[in-house]
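What follows draws every value from the coordinates through simple rules; no lab data is involved. None of the values given here were measured: they were computed from a predicted structure. Here the Cβ is made from the backbone with ideal geometry for all residues, glycine too, and neighbour counts use every protein chain on show.
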Ligand SMILES: [Zn+2]
């Protein structure tokens with residue numbers, strides 16, 4: 001018997017204690033970055049800056065500008081949505097944020113940031129046109 005394919009399930013555990021506020025924020029509709037008094041900003045957030053100081057939490061608000069996106073037409077079999085989806089990178093002041101969009105975005109368009117829970121119960125970053 002020839003095995004043509006088999007299912008591969010990966011499950012990773014990563015320490016999130018010091019960035020727990022990020023994950024809790026998603027549940028409250030907030031997306032956080034971290035900033036340091038030296039001027040560095042981090043998204044995804046980091047608890048420690050390269051300069052050695054601890055960072056502080058700042059909510060990402062306002063409008064971002066779409067810098068890049070991809071439209072995914074080849075949907076994985078295990079994927080919760082049946083249709084085309086988009087992964088977008090938008091710049092909000094000093095950080096670039098990757099998220100999902102259900103809308104047909106274009107580079108240079110303005111988007112707002114929000115969070116949504118997917119069908120599997122995972123909170124994700126989303127963008128909507130302004
Ligand atoms: Zn710093």
* Relative contact order of the stretch 17-129, defined on C-alpha pairs under 8 angstrom at six or more residues apart (%) -> 24
* Structure fact -> Note: residue 21 to residue 9 extended length (0.36 nm per residue) minus current alpha-carbon separation gives 1.6 nm
* **Normalised alpha carbon radius of gyration of the stretch 62-130 [divisor 2.2 N^0.38 Å]** => 1.10
* Asked: When DSSP beta bridges are limited to those with both residues in the chain, what percentage is antiparallel, rounded to the nearest 5?
  -> 95
* To do: Within 10 Å, count the other beta carbons around each residue, average over each peptide in 7-13, 110-116, and list them highest first.
  => 110-116, 7-13
* Structure fact -> FRET efficiency (residue 85, residue 130; Cβ distance; R0 22 Å; to 0.05) is 0.65
* **Cα→Cβ-extended label distance, 7 Å offset, between residue 118 and residue 51, nm** => 3.6
* Mean residue ellipticity at 222 nm from the helices of the chain, using -39,500 (n - 2.57) per DSSP H segment of n ≥ 4 over the full residue count, to the nearest 500 deg cm²/dmol? -> -1500 deg cm²/dmol
* Where does each of 65-75, 28-38 land if you order them by average Cβ count within 10 Å, highest first? -> 28-38, 65-75
* Ratio of the chain's C-alpha Rg to 2.2 N^0.38 Å, to two decimals? -> 1.23
